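Take a look at the structure set out below.
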Amino acid sequence: QCNLTGWWKNDLGSKMRVFKVDDEGNFSGEYHTAVSSTKAPIQPSPLVGSQHLDKDGQCTFGFTVNWKKFSDSTAVFVGQCFTEDNGHEVLHTSWLLRQKVDSQHSDWKATR
């Protein structure tokens, strides 16, 4: 069973900590990004999410990160947890980031 609880690190050096996954698959934690386009100092940001608790252990999940401590953007991640033959757990994710824009006319450049 792939367990999201604990620390995770990505290829860019960002880290995520999931505090605990409850019996329904809900979890919270914090995200420590290593990359940002804002000039404000980066700070750990809260995350909340949900994981499918499938019996085969190759669970899908999703979570939202609110960058409220240093930015006015929000990111969502979706992914799947895989357990390799050696028992090592790996997360594969995709993400979208929505940054605040000043007008509806600028909406086209708000999502990455």
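The values are calculated or read from the model by the stated rules, or taken from the named source; none is laboratory data. Keep in mind it's a predicted model, so treat the numbers as computed, not measured. Cβ coordinates were reconstructed from backbone atoms using ideal geometry, including for glycine residues, and neighbour counts include every protein chain displayed. SASA here: full protein model, heavy atoms, side chains in, ligands and nucleic acids out. Shrake-Rupley method; radii C 1.70, N 1.55, O 1.52, S 1.80 Å.
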Margin query: Could you go through the stretch 46-63 and let me know if any residue there is under 17 Å from residue 17 (Cα atoms), of a type in the set (D, E, K, R) and either open to solvent by 80 Å² or more (accessible area, probe 1.4 Å) or in contact with a Phe, Trp or Tyr (Cβ under 8 Å, 6 or more places away or on another chain) (or both).
Written below: no
Margin query: Name the single residue that is most open to solvent (accessible area, probe 1.4 Å) among those in the stretch 84-103 being within 22 Å of residue 66 (Cβ to Cβ) and not hydrophobic (A, V, I, L, M, F, W, C).
Written below: 102
